[in-house]
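Before any comments, here is the structure.
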Amino acid sequence: MRRYGYLPQFVANHNCKNIMEIGVWNGGTGRHMIESAVNKGLDNVAYFGFDLFEDFVVDTENGDTKVPPPMNEVKERVTVEGAYSELFQGDSRVTIPEFVEENSDMKMDMIFIDGGHGWENIQTDWDNVQPLIHEKTVIVFDDYWLPELNWGSNRIVDNLDMEKWNVEVMPLSDSCDWEGRPCKLHVVKVLPK
């Protein structure tokens with residue numbers, strides 16, 4: 001997907017060593033981000049991926065239709081020489097708060113939010129990653145729909161406090177047809193001011 005091409009660029013351009021991905025699916029995007037950091041020559045690269053894996057249930061009402069492969073297959077894909085990678089299985093509304101509590105001193109350099117596609121899930125993921133954000137963290141929201149649908153990241157992104165955040169809807173997009181309606185999917189880059 002064209003829009004995901006931005007992610008390795010962001011990792012390299014912002015020297016991201018601690019990478020979090022919410023919504024790993026098959027691990028391909030995670031691998032590209034990890035390889036970007038390793039190829040840049042960054043030390044101590046660490047990747048933390050969160051997904052339901054085998055616990056996934058299709059929810060067409062919220063756009064959650066892509067069934068991820070088993071966690072062990074994804075683990076193989078995100079294992080890259082020169083980097084640490086760890087996967088967390090379960091609902092991100094539970095696993096991320098647990099991760100934050102167990103890693104209270106850790107900060108992420110890159111956070112990619114692409115888990116549940118209902119706006120409530122995305123809002124909860126956004127709220128839960130706040131303790132992991134530092135002054136240079138790159139946050140990327142996926143599923144910014146044009147035109148807007150009833151789900152996706154639009155509601156969260158469009159309501160961010162512009163005095164606190166630099167927000168950029170990235171121009172490259174992927175076209176799709178949702179229930180007979182042509183749409184474009186974008187990623188949104190968010191940086192603290």
Problem - Residue in region 65-72 that is at pLDDT 95 or above, open to solvent by less than 50 Å² (accessible area, probe 1.4 Å) and not in a helix (DSSP H, G or I) present - result: no
Handout entry: Positions within region 93-133 being of a type in the set (D, E), part of a loop (DSSP other than H, G, I, E, B) and without any contact (Cβ under 8 Å) to a residue 40 or more places away in the chain, in sequence order
Key = D105
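Condition (residue is in contact with a strand residue (DSSP E or B) (Cβ under 7 Å, 6 or more places away or on another chain) and of a type in the set (S, T, N, Q)) applied to region 113-126: is it met by at least one residue?
no
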Exercise for the section: Evaluate region 37-44: report whether one residue or more is in a helix (DSSP H, G or I), in contact with a helix residue (DSSP H, G or I) (Cβ under 7 Å, 6 or more places away or on another chain) and not small (G, A, S). Expected result: no
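Report whether or not Y144 is modelled with pLDDT of 95 or more, open to solvent by less than 70 Å² (accessible area, probe 1.4 Å), assigned to a strand (DSSP E or B) and among the hydroxyl-bearing types (S, T, Y).
Details: modelled with pLDDT of 95 or more: yes; open to solvent by less than 70 Å² (accessible area, probe 1.4 Å): yes; assigned to a strand (DSSP E or B): yes; among the hydroxyl-bearing types (S, T, Y): yes.
Taking the combined requirement at face value, the residue satisfies it.
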Exercise for the section: Check off (1) part of a helix (DSSP H, G or I); (2) in contact with a Leu (Cβ under 7 Å, 6 or more places away or on another chain) for G49 and give me the number that stays unchecked. Expected result: (1)
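Condition check ((1) surrounded by fewer than 21 Cβ atoms within 10 Å (Cβ to Cβ); (2) more than 13 Å from the chain's Cα centre (by Cα); (3) under 30 Å from N39 (Cβ atoms); (4) at pLDDT 95 or above) across all residues:
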position: K75; (1), (2), (3), (4): yes, yes, yes, yes
position: E81; (1), (2), (3), (4): yes, yes, yes, yes
position: E101; (1), (2), (3), (4): yes, yes, no, yes
position: G118; (1), (2), (3), (4): yes, yes, no, no
position: N150; (1), (2), (3), (4): yes, yes, no, no
Fill in the blank from the handout: Listed by first then second residue, the pairs whose first member lies in region 140-164 and is farther than 17 Å from T124 by Cβ and free of Cβ contacts under 8 Å to residues at least 40 places away in the same chain, whose partner is in a loop (DSSP other than H, G, I, E, B) and of a type in the set (D, E, K, R), with beta carbons under 6 Å and at least 6 positions apart or on separate chains, are K164/K193
Completion exercise
Of (1) open to solvent by less than 70 Å² (accessible area, probe 1.4 Å); (2) at negative phi; (3) among the acidic types (D, E), E135 fails just (1)
Practice task
Among the numbered conditions (1) at pLDDT 95 or above; (2) open to solvent by less than 10 Å² (accessible area, probe 1.4 Å), tell me where V38 comes up short.
Solution key: (2)
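The values are calculated or read from the model by the stated rules, or taken from the named source; none is laboratory data. In this text, all values refer to a predicted model and were calculated from it rather than measured experimentally. In this analysis, Cβ positions are derived from the backbone assuming ideal geometry, glycine residues included, and neighbour counts consider all displayed protein chains. Each accessible area value is taken on the protein alone, full model and side chains, heavy atoms only, with ligands, DNA and RNA left out. Shrake-Rupley method; radii C 1.70, N 1.55, O 1.52, S 1.80 Å.
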